[in-house]
Every structure is written in C-alpha cells, then in structure tokens.
Amino acid sequence: MVGAGSADPAAGRRELARAWARELKGAGRGPMSPAELERFLLELVELLLDVLGALPLKAAGAAEVGRRLVAARFTGAEALRRTVLLLGRSLAEHADSPEPLAERVTAVLAELSAGFAEALRLDALAQQEEVRLALLAARQRVERVLRLSEARFREAFDSSALGIAITDLRGMCVRANDSLARMLDEPKEVLVGRRLVELFHPDDAAPLGAAYRAVAVGRVDQFREQRRLVRVDGDPVWVHLAVSLLRDGDGSPAFHVTMAEDVSELHLLRRNLDHQLLHDALTGLSNRQHFTTRLEVMLRASRAGITLYQLDLDAFSVVNNGLGHATGDRVLVEVARRLRGVVEREEALVARIGGDEFALVVDNSPTTPRVPAMVERVNAALAGPLESGVELSAAIGVVDRPAADWPVADLLRAADSTLRRAKSLGTRQWLPYDRVAEARSRELLGRAARLPRALAADEVEVEYQPVVDLATGQRTALLARVRWDGLGHEECAELAELGGSSLALGRWALERAAQEAATWAGAVPLHVELSPALTTDPDLVASVSRVLAETGLAPSALSLRLHTRAALAAEDDNAQVLRDNGVATGLWAFNGGQAELSLVDALEVDALVFEPAAARRLAGQSTEGLLHRAMDGLAAVVRAAGVEIVAPCVDSPENLEWWRGAGATTGFGDLFGGPVASYEL
C-alpha cells in the first residue's frame, strides 16, 4: 500500500493499479497482458479519484468503474470483493478531497458495486438472449435441413433408376417408386399394401423371407442378393437386391428399405458368355475346358466305368485347302451333329477339342455297345456324303474303363497318345490304350522335346564310321553320324523329325563334322547324309558354302548325300549347284522306284546308298530270293549309268560277298567297324 505522504502522486496511483492487478489475478479477465491490465486499472483509479475529489460529490460516476470491470470479464463475486477491500483501504490515501473522506469513499464504493451488479445483470440478460437467439437459429437450421433432407429423399426416391420399396416389419409395402412399378409393369399404387415377397419368383420367396427376418432381428445389418421379380405377364426380371433396416427416433427397427437394380440384360449376357467360355463357337459342342471338367465328374461318379474316344479326321486339311475354310467349317458342323447322333441314346458328352479333333466320353450301361461296335458307329456316321460330296473317316484312340482315381490330365494324354499311334497306321484306324506302348511313346516324345536343348548345350556328339573299298578293305572315307543320350544316328534322326528339330540338327552336324574333318591328317573325304528337312532347305547351298569358308575344308573333301524321297519333292537344283561348286553329291535311302531312277538321271549324282531297312531285309533272306534278284537287276542298271553303289549295313561276310556280286564298290557297316568319336580315329 502506498502511503499518503508519497512524494509522487502519479507513482502512488500506478502502485495502486499494480496492487489492484495482483488482487484481480486469477479472478477472471479478458485477453489482457499484465501491462495492459495495469494500464486499464490505472484508468479506473484515475476515474475513482476524480469522482472522490469532486465537489459536490457525484458518487454515481463510480458506477462506470463497476460496468467497466464487468465489460472486461471480471465478473466473479471474488473480483468484486477484492476490489472493494483494496479500494476501501487505499483510495483515501490517494484522494485529494474534502472531509468527511470515509463517507465519500463508502459512497463511491457503493456506486461502484451497484454499477457492477447492474452491468452483471444486463450481461446475464444479454447472454440469455444470445442463447435464445442461438437456439432459435439452430432450430430453424434443423427444420431447414430436415425439409431439405426430406425433399432430397423424395427426389431421390421418385427419380431413382433403381426400384425402391419401403416395407414394414411384416413385409407390407408402404411406399414404392416409379422405377419399381415399371420393372413389374404395374401402377405403384397397386404395389402399396401388398407383401413384397409376393412380387418375387416362388422359388425365391422362402429364402428372401428368411433374409428379411435376419435383418429385422439384427443378425445382419443388410444383405445383397440376385433374385427374380415376376412381371404381370409372368416374365422374370433378374434384379440385384440391396436390403437394409430403417430405425425410428429411439433406435427401434421400423421399416425395411429394398433397392432393386434390373440386371436382366447383364444376366443374359453373362449366361451367353458362360456358354461361349465352355462351348465351341462353331459347332456348339463342349470345348476342351468344359469337356475336361465334365470328364472328371463322369469318371469319379460312373458305376460301370466310362469309355473315352478321341477322334482326328483323316485328311481334313485337304477339305480346308482344296474347298476352302468356309466349306471346312460346314463340314465340322455336320460332323458334330452326326457325332451327337451316335451317342444320343447314351449318357455321353461330345466335344470339339481341337481344329479337327473331337472327343466322346460315354458312361457305360448294360446296353452301351462294346468299343469295336461304337467305333463302327462313328465311322459309319462319318462315311455318308457331307458338304460338297465330301466323305470322311477318322483315326480313333480309345481308353476303355480307366480307373476312377486316374488323373484326368493323364487320361487325356493317354487318349491323345493312342490316337497318334492309330494315325501312324493309316486312315480309318483305331487302337485301344496300351500302357507299354504309351510309356514308350511318352519316353520318345520326351526325348524329342529335350533334343533341341541338348543341341544348344553341346551334348550331342558327331561320330565317324569308316566307308571301305569292298574289294580291298581299305578305308576310303568317313561317314558322319550323330549320337546323344545313348542313342545312335538313326534314333537321333527319328527324334529330330518327331520334334521338329531335324533342320537344326542337320546344320549343326554338317558344321561340326566339317570343322573336325578340316583337321584330319591326309585327304580323308567326309560323307554326310542330309536329313529330309536339310535336303529341301532353300538355303542349303548357302549353308554349305559358309561352312566350307569358315572351316577351310576343301569342297573336294566333302560328299553330301541327299535324301531320295525329299529330293523328289524338292523344286530347286541344290544338287547341281553343289556339284558346280566342287562338292560331290549322291542319294541315300534309295529304293529303286521308277521316279527315283528318273531322279538319278536328272541330278547326275555320283553315288547311291540304298535304303538301310531294305538292306537289312536283304541280309535276312536267301540270295536266291526274289528280292535279291530284283536288287541285282537294279544295281546293274545303276552301275551301267556310271553311278557308284554304296552298300549300307554290311554286317557279315555273306552280306559283303553279295554286295560285291551286286556291283557295290564301297560300303559301311558293323563288319568294318561302328561309329567312333573323332579322337578315336
């Protein structure tokens, strides 16, 4: 507290303002800093002292101080009490006013308190008014939002493309929109008051009723299903349903909301797509995917066992290429119809599983024909004239009553392998499944598939078999042979033809043999028998020229033997160009037919190597037999044309003697030594 004798009245007043600020600390105030609060209170001190020192006393002026305190948010009873106590002790010390001072201070503080109370009352009224106005505005906003929400709901309900129905918990429709009415082709007024499940297909009524009850009792919040509404005319309308629950103000279940989207076109499209995915577009038969699935079901479920027939039409490419693909398509459609007719009285399935490949699976019964009879039925059905007078037959592979636990993939592979074996026998052939033959075929196909990889990995070897002068026994040349995985030359050639790698194998063998022959000491000629694919290769001459240039092998050291039947089909003059380039040429696998003899004359070849299979047959027969006499005559004709005869497969002294008598000058075979690697030469 500042004493009355303070030398500086202004400093005393500031001290009073600071003391007042300390008293009001924590008693509630507006957003003032301590310095701002002191300045504010200093103004109030000045105002009080002015009122206190005025003559005559006008204490009512002190009410303004009370009002300002309330305006500054010092509204608590504690703020007023502290203010009165502080000012009651301190105002008189700073006042410059006449006596009686105590009475004047009391009057001023009374007016301050009255002003404070009045301002507080008015502030409370103002706050109440603000609350009232805020509540009124909030109510108006809520009502406006509710009106807007209801308007939006009506707009969405009435204009929605989805069919919407509101039903009570008993399932009665209380409201429906135009879209639902259009789906059902009924006025929406007719729908109100009806049970909603009555509008659905009878098969859907029971499960839908259970689903609605599950939502009503809270087991699920909502459900979505695809069901069928029924129009007035009885036609179904496929809809996608979304059903949820509406609750009343206290949260109790009140209504169901059902939204229905018409997906009839989508459903029809999906059914069509499903059919297209599982059926052949041309014939309408099951495709391979569907057939495989149904085959597995029938295999597992059959009591008497199934029989699987896999068919491949004989020479169908002639129809396609000769009469056009449009005719070929019509033929396939008719074949499909006839195959259906073959098994129309059986529990069976017909499928088109490839271009001209079909499959039948029959679930056998006591009346089902045996396999030979069924095969005859199939061929009889195909034998009648088809499009443009075409008549067809089929090769058929049959797997009869396989074990029920046989994997379907293995079953189909067995049928396919059996079919391929049947096709190799000619047209209109059929074969039953043979486990041993199928295992051998799988092994062969597996090796054929691995051969290209083995060739790339340099796992194939080139060996050399001596070609000798039959009169002196002296070696005259070396014949290139290939070996791989324990298989000799003929087996490797067969695998290459089967797997489509014959051309690659032939080129590789020619290049590898030429590389090694170029390093041999002495002029030992190299003989190479070309595969059918390499014989007809348009790039044969270029390949040979490149090999000679890269290896340095002299053209005169190389003799190429063309495959006879392939050379007959070739349209180029590879043999003549090779001879012009200094490479000797010949024919191998020669059988001696009229066309082959004309080829010898046309190509002007240097040598002939007879068909190894024919040579083996000769070795097993009497030299007095018809085959030997025919060969004698053929050899004489060839020898007279100046062409060297090379004897293959010379395996015994007797065989050697016969070839000498037939006019062969050179030959090769086990009698002279088998093929060996180059490092063993």
Charged-residue dipole, Cβ positions (Lys, Arg, Asp, Glu), segment 325-369 about Cα centre, Debye nearest 20: 160
Convex hull volume per residue in cubic angstrom - Cα atoms of segment 89-146: 87
Per-residue SASA entry for Arg442, accessible area with 1.4 Å probe, Å² rounded to 10: 120
Apportionment of accessible area to carbon and sulfur, the chain, percent (1.4 Å): 53
Of Val362, Trp20, Ala137, farthest towards positive along the dipole that unit charges on Lys, Arg, Asp, Glu beta carbons give the chain: Trp20
Anchor Lys58: aspartates and glutamates whose Cα lies under 17 Å away (excluding residues fewer than 8 positions away in-chain): Glu46, Asp50, Asp96, Glu99, Glu103, Glu111
Virtual spin-label span in nm between Arg660 and Ser365, 7 Å along Cα→Cβ: 7.5
Arg170 versus Ser252: modelled label distance in nm, points set 7 Å from Cα along the beta carbon direction: 1.6
Proximal aspartates and glutamates relative to Lys25, as straight alpha-carbon distance under 18 Å, when same-chain residues fewer than 8 apart are discounted: Glu15, Glu36, Glu38, Glu43, Glu78
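Pulled fully out, how much extra length does the chain show between Glu459 and Val524, if you take 0.36 nm times their separation in residues and subtract their Cα-Cα distance? Present the calculation step by step, with values, prior to reporting the outcome.
Details: separation 65, 0.36 × 65 = 23.40 nm, distance 2.58 nm.
Length difference between fully extended and current span is 20.8 nm.
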Descending semi-axes in Å of segment 87-202, equivalent ellipsoid built from Cα gyration tensor: 78, 12, 9
Gly284 long-range amide H proximity, modeled H, under 5 Å: none
Segment 235-338, dipole about Cα centre (Lys/Arg Cβ +1, Asp/Glu Cβ -1), debye to the nearest 20: 560
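Among His240, His325, what's the order by accessible area (1.4 angstrom probe), most exposed first? Can you show the working numbers first?
Details: His240 70, His325 120 Å².
Of His240, His325, the descending order of accessible area is His325, His240.
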For the chain: span of alpha carbons on each principal axis (Å, largest first): 173, 79, 42
Dipole of segment 422-517 [Lys/Arg +1, Asp/Glu -1 at C-beta], most positive-end residue of Gly426, Pro466, Ala448: Gly426
Pair Asp670, Arg420: separation of 7 Å Cα→Cβ label points (nm): 2.9
Antiparallel %, DSSP beta bridges [both residues in the chain], to 5: 75
For the chain, calculated [θ]222 nm from helices alone, where every DSSP H run of n ≥ 4 adds -39500 (n - 2.57): -16500 deg cm²/dmol
Calculated from backbone phi, Karplus (6.51, -1.76, 1.60) coupling profile of segment 47-58 in Hz, x at Gly/Pro: 5, 5, 5, 5, 5, 5, x, 6, 10, x, 5, 10
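Quick one: accessible area per residue over the chain, 1.4 Å probe, rounded to a whole number of Å²? Working shown, then result.
Numbers: 34970 Å² over 681 residues.
Computed with neighbouring chains in place, this is 51 Å² per residue.
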Span from the segment 75-148 Cα centroid across to the segment 440-454 one, whole angstrom: 106
Segment Val131-Glu186, length gained on full extension (0.36 nm per residue, minus Cα span): 14.4 nm
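So between Val217 and Asp434, what do we pick up on full extension, going 0.36 nm a residue minus the alpha carbon distance? Intermediate results must be reported in sequence, preceding the final value.
Numbers: separation 217, 0.36 × 217 = 78.12 nm, distance 6.48 nm.
Working it through step by step, the gained length comes to 71.6 nm.
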Given charges at Cβ of Lys, Arg, Asp, Glu: the chain dipole, positive-most of Ala602, Ala92, Met259: Ala92
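Ranked from the most accessible area to the least, with a 1.4 Å probe and all protein chains present, what is the order of Ser286, Ser159?
On the way: Ser286 5, Ser159 75 Å².
If we order Ser286, Ser159 from most to least accessible, we get Ser159, Ser286.
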Check: the chain dipole with +1 on Lys, Arg Cβ and -1 on Asp, Glu Cβ, in debye: 3220
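The values are calculated or read from the model by the stated rules, or taken from the named source; none is laboratory data. Computed from a prediction, not measured in an experiment: that's the story for all the values here. Glycine gets a Cβ as well: all are built from the backbone with ideal geometry, and neighbour counts include every protein chain shown. The accessibility values were calculated without ligands, DNA or RNA, using every heavy atom of the protein model including side chains. Shrake-Rupley method; radii C 1.70, N 1.55, O 1.52, S 1.80 Å.
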